[in-house]
Every structure is written in C-alpha cells, then in structure tokens.
Amino acid sequence: GAVVSQHPSRVICKSGTSVKIECRSLDFQATTMFWYRQFPKQSLMLMATSNEGSKATYEQGVEKDKFLINHASLTLSTLTVTSAHPEDSSFYICSASRGEETQYFGPGTRLLVL
Amino acid sequence: GENVEQHPSTLSVQEGDSAVIKCTYSDSASNYFPWYKQELGKRPQLIIDIRSNVGEKKDQRIAVTLNKTAKHFSLHITETQPEDSAVYFCAASATGGGNKLTFGTGTQLKVEL
C-alpha cells in the first residue's frame, strides 16, 4: 500500500510556457501532500504543503504566483509552473501523507525548460 | 525553523563492512526522524524511521539510533552490499509543525567490491 504516482515523468517545454504536474495517491486518501524540488546532487527542498480543499502553504522564498498548487481531492494534487524559465529546470517530487508523519514519495518529474 | 546537518557527504566502504551516517538537528520539538535511500533519478524510499520516544530501532542490516539530548541520530548499515550504493538522506519533522520534513544534505554511499 501507499503508492504515489506522478505525471508526467519528464517534460520539456519552451521558456514562457506553463507546465502542470499531477500527483496522485493510488491506494489511500492523502490528507496532506507536499511538493519538493531537487537540483542535481542536492537535497530535497520543500516548496509547499497542500491540504485538500484549502490553500497551499508555501515555504519562504517560493513564489506562490509562479508555482500554483491545487489540491482538489484527497487523491490528487497538481503543481503548475507558470511562465517557466530555464532556472526552473529541476526534479520536482511530490509526497503524500495519510495524516501520520510518514511521507510516501512519487517517482518525480524531470522538467527541462529550453 | 529546523536545520538538519548530515555527515559525511560521501562514504566509500568495502563490501561487507559497516557504514555509519550521522545527522544533527536543531529544533527540540522534532520528534520523527526518517531515513531515505535515493538511487539516481528515482524517488526517495523510506528505509527506516524512529520516533523520539525510542532510542534505537533495527530492521535486519539497518539500524538507527537517536540521542535526543544531543539532538543527533545515526544510520548504521552492517554487512554492506553493492546494492546499498545510493544517496541516503536523513530528515526531521515535528508533529506540531504539520509534519513538514526538513532533509539533510545527503550522503553518497559507495560500496566497493
């Protein structure tokens, strides 16, 4: 149990376009979902925490108008990178929690902005 | 906020030897400490975790120890195998902090034949 999927796994887009990444908990209801960004050979940095039906809580330094998060149901959260630029190229990973401390991670989405 | 430091950044051991990775945390309210293994390009996978009411936890070749007073916790891998080669991350969270995980900087473990 506790499987989390992400789609797409890879995306290449042109600078200035928007990209949407989906995160789904497949076999459990996720009360909270988290979005992380990971640059090459670096650690995971939390971007925002998302609870179903409420606005996401963003970490300091993360632009909420650039990284739009929607958590419409207990099994789906989306991250939209708006007006993407090359510096947004990174590995974006979501995780989901069933209300306990343990977080289950998705497989990640590799974003390349040209 | 919480700050987690992790050492060493790289660790090379011979197959069959033990590997130890250490982390320190700053927030005394942290009460949950998971360890994740991440292979290149893959998702982090939880390998073991410990809560603050326990000092040690073991699962086969993997063990974690926690010293709440000193605010540090360690991962111990015994009888290392080549498939243990990966990046290992420690993390800390506090129940009252919405279970947000703060990750360490990671340790690249290489197990050599």
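The values are calculated or read from the model by the stated rules, or taken from the named source; none is laboratory data. Computed from a prediction, not measured in an experiment: that's the story for all the values here. Positions of Cβ are generated from backbone atoms using ideal geometry, with glycine treated the same way; all protein chains shown enter the neighbour counts. Areas reflect the complete protein model, heavy atoms only, side chains present, ligands, DNA and RNA absent. Shrake-Rupley method; radii C 1.70, N 1.55, O 1.52, S 1.80 Å.
Which values of log₁₀ I(q)/I(0), to two decimal places, follow from the Debye formula for segment B:31-96 at q = 0.17 Å⁻¹ with a uniform point scatterer at every Cα?
Once normalised to I(0) and log-transformed, intensities are -0.61.
In Å, the Kirkwood hydrodynamic radius of the protein assembly as shown over pairs of distinct alpha carbons?
Result for the protein assembly as shown stands at 18.1 Å.
Averaged over peptide A:64-77, how many Cβ atoms belonging to another chain are found within 10 Å of each residue's Cβ?
Per residue, the number of nearby Cβ atoms from other chains is 0 on average.
Across peptide B:32-41, how many C-beta atoms of other chains are within 10 Å of each residue C-beta, on average?
If you average over the peptide's residues, the count of other-chain Cβ atoms is 2.
Run the dipole for the protein assembly as shown about the Cα centre, Lys and Arg Cβ at +1, Asp and Glu Cβ at -1, nothing else charged, and hand back the magnitude in debye, nearest 20.
With only Lys, Arg, Asp and Glu charged at Cβ, the dipole is about 420 debye.
Let me have the relative contact order for chain B, percent, based on Cα pairs under 8 Å that are six or more residues apart.
37
At 7 Å along the Cα-to-beta-carbon direction for both B:Lys68 and B:Arg51, put a label point, then send me their distance in nm to one decimal.
Output for this residue pair reads 1.2 nm.
Could you state how much accessible area A:His7 has, in square angstrom rounded to the nearest 10, with a 1.4 Å probe and all protein chains kept in place?
120
To check you understand DSSP bridge types, tell me what percent of the beta bridges within the protein assembly as shown (both residues inside) are antiparallel, rounded to 5.
90
Label-point separation (nm) for A:Leu114 and B:Lys42, each offset 7 Å from Cα along Cα-to-Cβ?
Reported label-point gap for A:Leu114 and B:Lys42 is 3.1 nm.
About the Cα centre of chain A, what is the dipole size in debye to 20, counting +1 per Lys and Arg Cβ and -1 per Asp and Glu Cβ, all else neutral?
So the dipole magnitude of chain A works out to roughly 340 debye.
Averaged over its residues, how many other protein chain Cβ atoms are within 10 Å of peptide A:43-50's Cβ atoms?
For this peptide, the per-residue mean of nearby foreign Cβ atoms is 4.
Multiply the residue separation of A:Ser73 and A:Arg10 by 0.36 nm, subtract the distance between their alpha-carbon atoms, and state the gained length in nm to one decimal.
Stretched fully, the A:Ser73-A:Arg10 segment lengthens by 20.3 nm.
Determine the sum of side-chain charges near A:Ile21: Lys and Arg each +1, Asp and Glu each -1, restricted to other residues whose C-beta is under 12 angstrom from that of A:Ile21.
Net charge in that neighbourhood comes out at +3.
Computed over the Cα atoms, what is the radius of gyration of chain A divided by 2.2 N^0.38 Å, N being its residue count?
0.99
Once you charge only the Cβ atoms, +1 for Lys and Arg and -1 for Asp and Glu, what is the size of the charge dipole of chain B about its Cα centre, to the nearest 20 debye?
Roughly 380 debye, rounded to the nearest 20.
Order the peptides A:101-108, B:44-51 from the highest to the lowest mean number of other Cβ atoms within 10 Å of their residues.
Result, highest mean Cβ count within 10 Å first: A:101-108, B:44-51.
Shape call for segment B:1-49 from the C-alpha gyration tensor, a ≥ b ≥ c root eigenvalues: rounded (a/c under 1.5), prolate (a/b greater than b/c) or oblate?
Here segment B:1-49 falls in the prolate category.
Taking only the alpha-carbon positions of chain B and ignoring solvent, what does the Debye formula give for the base-10 log of I(q)/I(0) at q = 0.17, 0.19, 0.21, 0.24 Å⁻¹?
Once normalised to I(0) and log-transformed, intensities are -0.75, -0.93, -1.12, -1.40.
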